[in-house]
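Trainee: Got a structure for you, written out below as structure tokens; questions coming shortly.
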Amino acid sequence: MLITGGAGFIGSNFVYYTLKNRPEYQITVIDKLTYAGNPDNLTPVLDKINFVTGDICDQELMDKLVADNDVVVHFAAESHNDNSLQNPRPFLDSNIIGTYTILEAIRKHGKRLHHISTDEVYGDLELDDPNRFTENTPYNPSSPYSSTKAGSDLLVRAWVRSFGVQATISNCSNNYGPYQHVEKFIPRQITEILEGRKPRLYGAGENVRDWIHTEDHSSAVLAILEKGRLGETYLIGADGEKNNKEVIELILKDMNKDPSDYEHVTDRPGHDMRYAIDSTKLRNELGWMPKFTNFEEGLKSTIDWYTNNEAWWKPQKEATEAKYQKAGH
Ligand code: NAD
Ligand code: DAU
């Protein structure tokens, strides 16, 4: 199995999950080690996998790696909306050209691809909309990040239809858990509190995200790889809708602080209001169920992980906050 982006947050969690649950798989990770890729994420298992530092846009390299493996699970991407609003170009390179490069290698060697994508390709919902996203919701992305992910999904669909490549796609909601970069909402707030500062809420904080523990994302991806129908898209979600204000208040409470002790900062331009996933297809067709259904428990163990792993996040923290300060958040 070739795993792209395996030194990032969700990719590294997927490597651990697969090694634990499918010890017979031989795993190769390819990762460019951008600011978001941390080789330390995989240190404990480096003797059990083959790790290649490289760019998914490198056609020769991808051709060789795809030829040497049966299955490709494609996580590698520029993943942060705020960065895409400051400098969109790397998003076009890694998300569009990178996916195209992988598709061409998959087509040439007749291999199987699972493409990892996001619920953000569907745009956003009103707070009072009774509907949730399904596999049939029209694409309507808002940010440079989500539009490049939408573009990558459409490339996969076109390669399936025009060239008959063996591929599946999953669109998942917001992940949380260990090894998530401190630029993202939950780790940023936990580490701000650990550094003695206040959490930062964009705008009024009414925006809703549909939280899923990253281990549940991993189990869903493995289910789709092993039982999913080729050419199909599956939405992954765990019924975890919460608004940002509620999440910050929970983090403060669980860290024994006053739940109202946070700051409102400038809102994100074009900020999506609400994401919500209907994962009925995945549950009914493949029998998948999430395990981490108690968000507060999952959040508490994530707080513990960041509290106990300061050496992991500290080196990224200053540069991340400097970027935010420049952007006014
Ligand atoms: P991340 O930013 O933590 O990790 C991305 C990894 O990809 C990093 O290790 C980085 O070095 C690597 N990478 C980037 N460009 C590369 C390139 N050109 N060549 C090789 N490696 C490259 O991101 P994440 O949060 O783990 O997200 C992983 C995937 O899951 C992405 O495709 C993202 O769109 C998708 N996704 C994320 C979420 C979420 O909540 N984080 C939810 C749904 C889907
Ligand atoms: O929905 C899936 C997507 O979830 C993935 O495709 C993306 O890769 C992933 O980054 C995530 O995107 P979001 O933009 O939803 O996540 P982020 O962690 O950046 O922000 C979550 C919410 O919190 C969002 O409404 C913005 C808000 N926010 C964020 C930060 C960093 C704050 O209020 N304060 C903050 O400091």
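Trainee: Taking the range 18-43 on its own, how many of its residues are part of a helix (DSSP H, G or I) and within 13 Å of ligand 1 (Cβ to nearest atom)? Before you say what the answer is, go through the steps one by one.
Mentor: Step one: filter the range 18-43 for residues part of a helix (DSSP H, G or I), giving 18-21, 39-43.
Now narrow it down to the ones that are within 13 Å of ligand 1 (Cβ to nearest atom): 39-42.
Selection size over the range 18-43: 4.
Trainee: Name the pairs: first residue in the range 273-297 and under 23 Å from Y122 (Cβ atoms) and assigned to a helix (DSSP H, G or I), second residue open to solvent by 60 Å² or more (accessible area, probe 1.4 Å) and not hydroxyl-bearing (S, T, Y), Cβ to Cβ under 7 Å, at least 6 apart or on different chains?
Mentor: Close Cβ pairs satisfying both conditions: R283/M289; L286/K227.
Trainee: Quick check: anything in the range 44-51 buried (at least 16 other Cβ atoms within 10 Å of the Cβ), part of a helix (DSSP H, G or I) and either away from ligand 2 (no atom under 15 Å from the Cβ) or within 21 Å of the chain's Cα centre (by Cα) (or both)?
Mentor: Going through the range 44-51, the residues buried (at least 16 other Cβ atoms within 10 Å of the Cβ) turn out to be 45, 49, 51.
Pick out the ones that are also part of a helix (DSSP H, G or I) and you get 45.
Checking the rest, the ones that are also either away from ligand 2 (no atom under 15 Å from the Cβ) or within 21 Å of the chain's Cα centre (by Cα) (or both) come to 45.
Yes, some residue in the range 44-51 is buried (at least 16 other Cβ atoms within 10 Å of the Cβ), part of a helix (DSSP H, G or I) and either away from ligand 2 (no atom under 15 Å from the Cβ) or within 21 Å of the chain's Cα centre (by Cα) (or both).
Trainee: Still on this model: Going residue by residue through the range 125-142, is there one that turns out to be within 13 Å of ligand 1 (Cβ to nearest atom) and surrounded by fewer than 21 Cβ atoms within 10 Å (Cβ to Cβ)? So that I can check it myself, show each step before the final result.
Mentor: The first filter runs over the range 125-142 and keeps only residues within 13 Å of ligand 1 (Cβ to nearest atom), leaving 133, 141.
The next check asks that each one be surrounded by fewer than 21 Cβ atoms within 10 Å (Cβ to Cβ); those that pass are 141.
Checking the range 125-142: at least one residue is within 13 Å of ligand 1 (Cβ to nearest atom) and surrounded by fewer than 21 Cβ atoms within 10 Å (Cβ to Cβ).
Trainee: Go through (1) buried (at least 20 other Cβ atoms within 10 Å of the Cβ); (2) more than 15 Å from ligand 1 (Cβ to nearest atom); (3) within 30 Å of A158 (Cα to Cα) for G287 and report which single condition fails.
Mentor: Condition not satisfied by G287: (1).
Trainee: Does the range 241-264 contain any residue that is open to solvent by less than 50 Å² (accessible area, probe 1.4 Å), part of a strand (DSSP E or B) and in contact (Cβ under 8 Å) with a residue 60 or more places away in the chain?
Mentor: no
Trainee: Another question, if that's okay. Just to verify a result, which residue in the range 59-94, among those that are touching a Lys or Arg at 6+ places or on another chain (Cβ under 9 Å) and outside any helix (DSSP H, G or I), is farthest from T168 (Cα to Cα)? I'd like the intermediate steps shown before the answer.
Mentor: The initial filter retains those residues of the range 59-94 that are touching a Lys or Arg at 6+ places or on another chain (Cβ under 9 Å), namely 63, 66-67, 69-72, 76-77, 79-83, 85-86, 91, 94.
Now narrow it down to the ones that are outside any helix (DSSP H, G or I): 69-72, 76-77, 79-80.
On the way: N69: 17, D70: 14, V71: 11, V72: 11, A76: 16, A77: 17, S79: 20, H80: 23 Å.
The extreme case among them is H80.
Trainee: When only residues in the range 52-84 that are more than 9 Å from ligand 1 (Cβ to nearest atom) and acidic (D, E) count, which is surrounded by the fewest Cβ atoms within 10 Å (Cβ to Cβ)?
Mentor: E60
Trainee: For the range 132-146, which residues satisfy the criterion of being in contact (Cβ under 8 Å) with a residue 12 or more places away in the chain, over 17 Å from H80 (Cα atoms) and part of a loop (DSSP other than H, G, I, E, B)? First the steps, then the outcome.
Mentor: Restricting attention to the range 132-146, the residues satisfying the condition of being in contact (Cβ under 8 Å) with a residue 12 or more places away in the chain are 132-135, 137-146.
Among the residues that remain, those that are also over 17 Å from H80 (Cα atoms) are: 132-135, 137-140.
R132, T134, E135, T137, P138, Y139, N140 - these are the residues of the range 132-146 that are in contact (Cβ under 8 Å) with a residue 12 or more places away in the chain, over 17 Å from H80 (Cα atoms) and part of a loop (DSSP other than H, G, I, E, B).
The values are calculated or read from the model by the stated rules, or taken from the named source; none is laboratory data. Treat the numbers as computed from the prediction; the structure is a model and nothing was measured. FYI the Cβ positions are ideal-geometry reconstructions off the backbone, even for glycines, and counts take in every protein chain you see. All accessible areas refer to the heavy atoms of the entire protein, side chains included, with ligands and DNA or RNA removed. Shrake-Rupley method; radii C 1.70, N 1.55, O 1.52, S 1.80 Å.
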